[in-house]
Amino acid sequence: MSGPRYHRTRRQDQRLVGFECQGCGWVSFPDERRVCKRCGDAPADYEEVQLADRGEVMTFVVQHYLPDDIETPQPVAIVDVPQAGEDGPQTGNEGGEPARVYGLLTETDLEDLEVGREVEARFREVFDEGDRPINAIKFSIPRGEQ
Ligand SMILES: [Zn+2]
């Protein structure tokens, strides 16, 4: 196989794609930002990086009071998702930094949830508005490991 495989299959395989600031290594997700949140580079020089499908819970909150049509309790977490690193070395930035991803936790027993827990990321295209898909990430504790 040759060529930029992942640009072609990105929509189909729905993997996580982050944007790594070439100035400081900060990985933003899901949106490419014109200004780097960390080093303030503007416009920032971003490169797309592929993220792993598992990450580690950095912190989480459990929402108990939400509108009636939303199921509660509803846990949301900030998860550090490492770069997948299967597309060859990222130039000048070995390994790279994880992306800090915010998302809902589903199919998760609250008693199993703790900081440092490994969770699986599921990428969903919620809806597609013209050529601008609206994406969402949901996390869950991998099956069989609860
Ligand atoms: Zn930066």
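The residue of the range 48-62 that is surrounded by the fewest Cβ atoms within 10 Å (Cβ to Cβ), among those that are at pLDDT below 90 and either on the phi > 0 side of the Ramachandran plot or not in a loop (DSSP other than H, G, I, E, B) (or both), is Glu48.
For the range 70-92, which residues satisfy the criterion of being surrounded by fewer than 13 Cβ atoms within 10 Å (Cβ to Cβ), at pLDDT below 85 and of a type outside the set (Gly, Ala, Ser)? Across the range 70-92, the qualifying residues are Ile70, Glu71, Glu86, Pro89, Thr91. Annotation: of all residues in the range 29-76 being out of contact with any strand residue (DSSP E or B) (no Cβ under 9 Å at 6 or more places or on another chain) and more than 19 Å from Ala99 (Cβ to Cβ), the one that is farthest from the ligand (Cβ to nearest atom) is Asp68.
The values are calculated or read from the model by the stated rules, or taken from the named source; none is laboratory data. Small disclaimer: the values here were computed from a predicted structure and weren't measured. Every residue, glycine among them, receives a Cβ derived from its backbone with ideal geometry; neighbour counts consider all protein chains shown.
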